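Here's the structure, in structure tokens; my notes come after.
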Amino acid sequence: MKLAKTLMMTAAVSLALMANAAHAENKKIALVVKALGIGFFEAANKGAQEAAKELGDVEVIYTGPTTTTAEGQIEVINSLIAQKVDAIAVSANDTDALVPALKKAMDRGIKVISWDSGVAKDGRLMHLNPSSSPLIGNMIIKLAADNLPDGGDVAVLSATATSTNQNVWIEEMKKVQGNYKGINVVATVYGDDLADKSYRETQGLIQSYPNLKAIIAPTSVGIVAAAQAVEDAGKVGQINVTGLGLPSEMAGHVKAGSSKSFAIWNPIDLGYSATMIAYDLIGGAEAKPGAELKMGRMGSVKLDDNNEGAMADPFVYDASNVEEFAKIF
Amino acid sequence: MMKILMKNRELLLVVAIAALLVLITLRFPAFIEPANLARVYNDTSILIILALGQMAVIMTRCIDLSMAANLALCGMVVAMINSVAPGVPVPALVLLALLLGAFLGSINGLLIWKLEIPPIVVTLGTLTIYRGTIFLLSGGAWINAHQMSDAFKALPRATLAGLPVLSWLSVLMIALIYIVMTRTPLGRAFHAVGGNPHAAVYTGIDVGRTRFAAYCLSGALAGLSGYLWVSRYAVAYVDIANGFELDIIAACVIGGISIAGGIGSVPGAVLGALFLGVIKNALPVINISPFAQMAISGTVIIIAVAVNARAEKRKGRVILKKAEAH
């Protein structure tokens, strides 16, 4: 069964490749995603195709399993090895499970990188993070400050008091707080990523701090609940809700005016950058700590000791682009 | 004085809530303002409605762990319908949520009635099934504010004589359930089945059918709350109200409804829910660490239950002594 599946997939991939036989000298870069049919990854593919068009001699093979399983991805990777692609850029369903298959790929000279969701160090040349904690920490306070030219009180609505991601981001935010004159972080409250608790905590903030000008919620549940609470309290225009959220979830609140802008990584840029880095590696660039790899219009990425790099600032969404991205993810 | 308080659980709760309000006001004076109290009541409305349903179930010596999952499923279904067909009138959706909730509750009831599976097992099972069903229906996707029609979100927020419809709905439910519990054969049956199932059978009450009715009632109220929840928070996803079943049960227990069945009242359930609601709304404004918040919530629940347990125990002793005297 498994063999039959692999054979079928191999056949499918080879057919796809034969269709493009005319461009035989094209570099083949495979973009392997967690599963097909997910808006976020379809958008990443859009970016990868953009990179291919820009580079000219690249053909992007967008592929992945139908469900988000490591086994499915291993089959896909094996068939890609059989097809002798030049590079594989994978967003992994499992950190460790893909390593043997990816090692095999690297043994055959295929350049392997991971992006979005990484694989263990042994299984890839480098990993591309969408952003980094310092960049995110800076972005969330910048979003609040940008709409407050005269400064003012802002509060943070986080997830749980113990959630690692949010705590690191808030810590990074506090480090750069001094760069934003007049921005006064008055409180950090925890909505536990529950809609009702986040809503209640927001109401509490509104009551406790009558001069509150902005709420920073670096969590997708919190930002939506806070925006709703601000709308219900009739504070639209007075309190701006910002932070990290998904365009599809925030579109209504941007329209209602409770959130002027928010941020999250841009999947299009991510797919674009991954493709560009893979191309750079095929071209002979070496992935080692301290190396800088080229990402086309996104600039370049510097690798740390683990051969990991951060793409860019989180992408900002506001009334001008949120509708468009809401259709994607 | 203390004795009267101990005997009258509702009065004790009223005093406890008043004391709580005084304490909160010392730290945050604006809390006691009528507008804020109305806001707290409104925020607690959903918990009150759910506690009424849970009360009926607990009275019959059962428990309904699936209420929050039922709420989430009904909420997701009406939100999905609203997002694909915004033209469907909101009252029809509310009715649908009620009926779907009652249906989901009746599954619990049937399994407990006909197959005689312990209620805690049945509802633990359906809890997971209902949550899983939401995932199957939605594919894990959220229904967001902009996908819901304005009318869908407006109903619980519309104000009537100074209070939001959400508050009025809970008042209406309290009145309805109060009448059912005190003025109808069904309400009497709830008391009888929980108080002494064997005696209830001798008086001609079908224990299984009564429990089935209790589950239908709790299901219907959970379904109604499902609509109220998703429209109030303007978002529906798999995990909404996750863990809320524990709040509902806590409200009932604080309100003096005996887990052993048979004892309880509508005012008790309402006051229990209000007690929790006041705490939930006060903690964010009195500015204490989130870790202390959890500890405080837990301690308060245990104290309340301990007081209730003492009151219950004393009552038991009195009856036994009388029986010995005869």
- The helices (runs of 4 or more DSSP H) lying entirely within segment A:206-287 that contain at least 1 residues which are in the same structural domain as A:Ala105 (by TED's automatic domain parsing), aliphatic (A, V, I, L, M) and touching a residue at least 12 places away in the same chain (Cβ under 8 Å) are A:267-282
- Query: Since A:Ala161 meets every condition but one in (1) free of Cβ contacts under 8 Å to residues at least 40 places away in the same chain; (2) farther than 20 Å from A:Phe315 by Cα; (3) outside any loop (DSSP other than H, G, I, E, B), which condition does it not meet?
  - Reply: (3)
- Query: For segment A:56-73, how many residues meet the condition of being part of a helix (DSSP H, G or I), surrounded by fewer than 17 Cβ atoms within 10 Å (Cβ to Cβ) and in contact with a strand residue (DSSP E or B) (Cβ under 8 Å, 6 or more places away or on another chain)?
  - Reply: 0
- Which fully enclosed helices (runs of 4 or more DSSP H) of segment B:1-97 have 2 or more residues being in contact with a His (Cβ under 8 Å, 6 or more places away or on another chain) and loosely packed, with under 15 Cβ neighbours inside 10 Å? none
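Say whether the condition of being under 20 Å from the mean Cα position of the chain (by Cα), among the aliphatic types (A, V, I, L, M), closer than 22 Å to A:Ser273 by Cα and assigned to a loop (DSSP other than H, G, I, E, B) is met by at least one residue in segment A:106-118.
Scanning segment A:106-118 turns up no residue that is under 20 Å from the mean Cα position of the chain (by Cα), among the aliphatic types (A, V, I, L, M), closer than 22 Å to A:Ser273 by Cα and assigned to a loop (DSSP other than H, G, I, E, B).
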- Query: Has segment B:134-143 got any residue that is in a helix (DSSP H, G or I), modelled with pLDDT under 95, closer than 16 Å to B:Leu104 by Cα and β-branched (Val, Ile, Thr)?
  - Reply: yes
- Message: I'm trying to understand the selection: among the residues of segment A:214-237, which are more than 7 Å from chain B (Cβ to nearest Cβ) and of a type in the set (D, E, K, R)?
- Response: A:Glu231, A:Lys235
- Among the residues of segment B:175-183, is there at least one that is over 17 Å from B:Gly101 (Cα atoms) and not in a helix (DSSP H, G or I)? no
- Of A:Ser91, A:Ser79, A:Ser114, A:Ser133, the only residue that is small (Gly, Ala, Ser) and within 30 Å of A:Val241 (Cα to Cα) is A:Ser133
- Item | Given (1) within 14 Å of chain A (Cβ to nearest Cβ); (2) surrounded by 24 or more Cβ atoms within 10 Å (Cβ to Cβ), number of the condition B:Ser218 does not satisfy | (1)
- Query: If you take the residues of segment B:250-309 that are within 14 Å of chain A (Cβ to nearest Cβ) and outside any helix (DSSP H, G or I), which of them is nearest to A:Tyr199 (Cα to Cα)?
  - Reply: B:Pro284
- Query: Counting only residues that are over 27 Å from the mean Cα position of the chain (by Cα), among the hydrophobic types (A, V, I, L, M, F, W, C) and within 13 Å of chain B (Cβ to nearest Cβ), which one in segment A:178-213 is surrounded by the most Cβ atoms within 10 Å (Cβ to Cβ)?
  - Reply: A:Leu205
- Message: Going through B:Ala154, B:Ala158, B:Ala145, B:Ala141 one at a time, which residue ends up being within 14 Å of chain A (Cβ to nearest Cβ) and in contact with a strand residue (DSSP E or B) (Cβ under 9 Å, 6 or more places away or on another chain)?
- Response: B:Ala158
- Note: among A:Ile264, A:Ile282, A:Ile277, just one is crowded, with 22+ Cβ neighbours inside 10 Å and out of contact with any helix residue (DSSP H, G or I) (no Cβ under 8 Å at 6 or more places or on another chain), namely A:Ile277
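The values are calculated or read from the model by the stated rules, or taken from the named source; none is laboratory data. Predicted model, so just to flag it, every value in this text is computed and none were measured. Backbone-built Cβ (ideal geometry, glycine too); neighbour counts: all protein chains shown.
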